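Undergrad: The structure that follows is given in the form of structure tokens.
Nothing in this text is a laboratory measurement; each read-out follows from the coordinates by a stated rule. On a predicted model such as this, the values are computed, not experimentally measured, just so you know. When we count neighbours, we look across all protein chains shown, and the Cβ atoms used for this are built from the backbone with ideal geometry, even at glycine.
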Amino acid sequence: MDRPDRRSDLLASALSTLRSVSAVTPRVGIILGSGLGTLADEIPDPVRVDFRDLPGFGLSTATGHRGQCVLGRLDDVPVVAFSGRLHRYEGYPDDQITFPVRVMAAWGVRQLIVSNAAGGLNPLLRVGDLVVIRDQIDLGKRRQPRQPGHWDRSSTSGTDSAAESGWAGETLRGIPSPAQIYDTDLAEIALRAARNGDFRAWPGIYLSTLGPTYETRAEYRMMRRLGADVVGMSTAPEALTAASLGMRVLGVSVVSNVAIPERGWSEPLQPTLHQDVLDIGKGATEKLRHLVFAVLRQEIV
């Protein structure tokens, strides 16, 4: 089966396409989650490429995800920003979800800022807070059967071994332990930037689910017992792959709602609406911008 060569060809084609439209050689990559894509608008004189025009990229179908690659300079640092991402609940396997990360790594990017909107599990959190991710729990891993509609899905989801994922000519630096996924120095820069900016940011643990449903009261209680501070439906495979490829990773969650399941069972949980998530994400963009610029000013690559 020629899957390894096929995927390597797609990676080379995607890189060739991006290099043909811009002379920028990015040093930092940014993945922007639900409602956070407007941060890409901060890039002056950007070059924008839709995912549909990039070989190997899937189409983002989630509301609030533009599905664009934006190239340019942010605070005079060459960057590539992905406004939107792919999700497991859209039917994509992990190897396609993480394809943009592999493209960045092949391009020479060695620092990744990945963001998301997430539900708050820790009762200390408030809507609009930021959580700087220290660690993750991935409950969305699954074996995905071969399905029509995207690319070859015969690989095993949730793996980062070159032999298992079928990526030829790629050197992974082992499967990192969870403590190695998120970079401590970048996290400290982000937390310090929040203190300097006088807004709330907390270190915490991100729990990833398959989605696309929001959690029940019992699930919130379970996740709290597992030690998670926020819960979302993305980020974990991207962060793991980036760390496996030697990239330094900063993860940031915007708290879009806070669940307190300890309240009486007779009191219903407030429903979480996706539009509310998008609105809160847009409102938190300035806070995220503050963290991103702080990291760019003290770039560690």
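Undergrad: Neighbouring Cβ atoms within 10 Å as the yardstick, rank 141, 287 fewest first.
TA: 141, 287
Undergrad: To continue, here is another question. Hey, rough spin-label estimate for residue 106 and residue 50, points 7 angstrom out along Cα→Cβ, what's it come to in nanometres?
TA: Going by the 7 Å Cα→Cβ label model, 2.3 nm.
Undergrad: Using per-residue counts of other Cβ atoms within 10 Å, averaged over each peptide, order 23-33, 246-256, 123-133 from highest down.
TA: 246-256, 23-33, 123-133
Undergrad: Testing the spin-label approximation: label points 7 Å from Cα along Cα→Cβ at residue 6 and residue 210. State their distance in nm.
TA: Each label point lies 7 Å from its Cα, and together they span 2.4 nm.
Undergrad: Residue 25 versus residue 124, label points 7 Å from Cα toward the beta carbon: distance in nm?
TA: 4.4 nm
Undergrad: Where Lys and Arg each count +1 and Asp and Glu each count -1, what net charge lies around residue 231 among other residues with Cβ under 9 Å from its Cβ?
TA: -3
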